[in-house]
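This report refers to the structure that appears directly beneath it.
The values are calculated or read from the model by the stated rules, or taken from the named source; none is laboratory data. What you see is a predicted model, and the numbers here were worked out from it, not measured in a lab. Reconstructed Cβ throughout: ideal geometry from the backbone, glycine too, with neighbour counts over all protein chains shown.
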Amino acid sequence: MPKLDITQSFVDTVKVESEASSTDFYDKKLVGLLLKVLPSGRKTFYLRYKDTENCSCQRKIGNAVILNITEARDLARRYLAQISLGQDPFLHAPINISPTLGSFAREDYLPYVKTYKKSWNMDESRLRNHLLPYYGKIRMNDIEKRDVVALINELAEKFKPGTINRVVILLRYMFNLAMKWEVKGVTRNPTAGIPLLKENNQNERFLSALDAKALLRAINYSRNKMLKHIIPMLILTGARKREVLDAKWEDFDLDRGTWRIPNTKSGKARVVPLSDTARNLIEKLSANQCCDYVFANPNTRKPYASFYYSWHTARKDAGLADLRVHDLRHSFASFLVNAGRSLYEVQTLLGHSQITTTQRYAHLSTDSLRRASNEVSVAVPELT
């Protein structure tokens with residue numbers, strides 16, 4: 001508990017180590033006044049005093065962005081004068097009953113996302129590594145916009161914009177859920193109005209038709225015989241890797257040419273119109289059904305947990321060592337756009353299901369989307 005003559009210069013420049021939860025700096029000029037500094041950069045003035053029953057109390061005076069040290073001392077002296085007369089200047093102050101971000105994450109958010117989100121461990125990791133060290137012990141309604149901006153600025157020194165954006169998106173989603181669930185005391189979202197950082201997508205790969213041909217040749221020689229079905233399915237549908245690996249026979253209606261994906265990233269099921277080539281791929285596989293899963297590991301009859309090594313070998317053999325599985329999804333979109341399809345069709349096929357986006361594309365017919373999906377087969381005839 002460091003004690004010092006707090007100056008305005010000190011208030012403006014003081015920082016604490018990210019490993020610390022917070023540090024209290026006690027003012028030598030006025031006993032009871034302290035400045036609490038959090039790793040996020042948030043700074044708040046507090047007053048410690050004994051109440052009329054001689055119990056120790058600590059109450060918030062104000063944010064150090066709003067109050068300077070002189071104003072904080074003046075307020076503290078006024079409060080201490082009232083306390084000396086037996087009055088409680090904080091008696092009618094509003095009480096923040098909102099939970100801390102840490103308790104909300106542990107007790108409400110994580111148990112909820114585990115029920116539908118296969119990648120919930122990514123949320124848990126972002127909470128553990130980025131959000132909870134800064135906000136874990138702060139009540140949700142005490143987190144302000146400037147705190148979010150301070151976090152973004154600090155993360156920007158170590159991480160890429162994409163990583164930071166996903167942290168902000170997670171925080172935004174958590175606050176939206178808290179308000180939707182009417183969690184006591186949570187009345188606003190501090191991320192509202194804060195734009196995401198511009199991402200440098202130079203690392204994203206888009207397959208050319210020649211790249212696709214080389215990749216398809218390579219997977220035909222793979223020791224993993226299922227790879228020659230998995231990779232074309234990813235290219236032909238733009239689906240996410242986990243969506244393809246977890247696909248079940250019951251999810252497909254080959255008469256209608258549709259694939260219902262029950263577990264998506266958004267938590268909502270979506271129906272994908274199959275191109276003629278994708279439908280033929282599924283029909284060929286259906287002749288050798290051995291379990292519930294379409295692209296099952298033949299040895300376990302369960303979905304692959306990963307096919308990294310066979311994929312890594314195939315992409316190197318194709319001369320595409322930096323190609324990621326997720327780039328096949330980007331390539332699907334690229335083929336469609338280059339074929340002149342509208343962004344409405346592309347985003348619907350990819351299942352970008354933010355409510356406003358979904359509503360804008362809801363009028364598109366399945367037949368129109370199937371014609372759009374067929375453009376991939378035209379671009380890469382070797383898939384047929």
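Key figures
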{"item": "Residue match in the range 100-107 (condition: closer than 30 Å to residue 243 by Cα and in contact (Cβ under 8 Å) with a residue 24 or more places away in the chain)", "result": "yes"}
{"item": "Residue check, residue 301 touching a strand residue (DSSP E or B) at 6+ places or on another chain (Cβ under 8 Å), part of a loop (DSSP other than H, G, I, E, B), surrounded by fewer than 17 Cβ atoms within 10 Å (Cβ to Cβ) and not assigned by TED's automatic domain parsing to the domain that holds residue 119", "result": "yes"}
{"item": "Qualifying positions in the range 154-180 - assigned to a helix (DSSP H, G or I), of a type outside the set (A, V, I, L, M, F, W, C) and closer than 15 Å to residue 199 by Cα", "result": "161, 162, 163, 165, 166"}
{"item": "Failed item, numbered, when residue 361 is tested on (1) buried (at least 17 other Cβ atoms within 10 Å of the Cβ); (2) at pLDDT 70 or above", "result": "(2)"}
{"item": "Candidate set from the range 286-321 (those that are in contact (Cβ under 8 Å) with a residue 40 or more places away in the chain and of a type in the set (A, V, I, L, M)); member that is nearest to residue 348 (Cα to Cα)", "result": "294"}
{"item": "Residue 172 more than 23 Å from residue 22 (Cα to Cα), buried (at least 16 other Cβ atoms within 10 Å of the Cβ) and modelled with pLDDT of 90 or more", "result": "yes"}
{"item": "Where residue 283 falls short, out of the listed (1) buried (at least 18 other Cβ atoms within 10 Å of the Cβ); (2) in contact (Cβ under 8 Å) with a residue 24 or more places away in the chain", "result": "(1)"}
{"item": "Condition check for residue 278: touching a Ser or Thr at 6+ places or on another chain (Cβ under 7 Å) and small (Gly, Ala, Ser)", "result": "yes"}
{"item": "Unmet requirement for residue 55, which otherwise passes all of (1) in contact with a strand residue (DSSP E or B) (Cβ under 9 Å, 6 or more places away or on another chain); (2) of a type in the set (A, V, I, L, M, F, W, C); (3) over 26 Å from residue 187 (Cβ atoms); (4) without any contact (Cβ under 8 Å) to a residue 60 or more places away in the chain", "result": "(1)"}
{"item": "Pairs where the first residue, in the range 224-240, is in contact (Cβ under 8 Å) with a residue 12 or more places away in the chain and on the phi > 0 side of the Ramachandran plot and the second is buried (at least 22 other Cβ atoms within 10 Å of the Cβ) and in a helix (DSSP H, G or I), C-beta under 7 Å, 6+ apart", "result": "238/332; 238/349"}
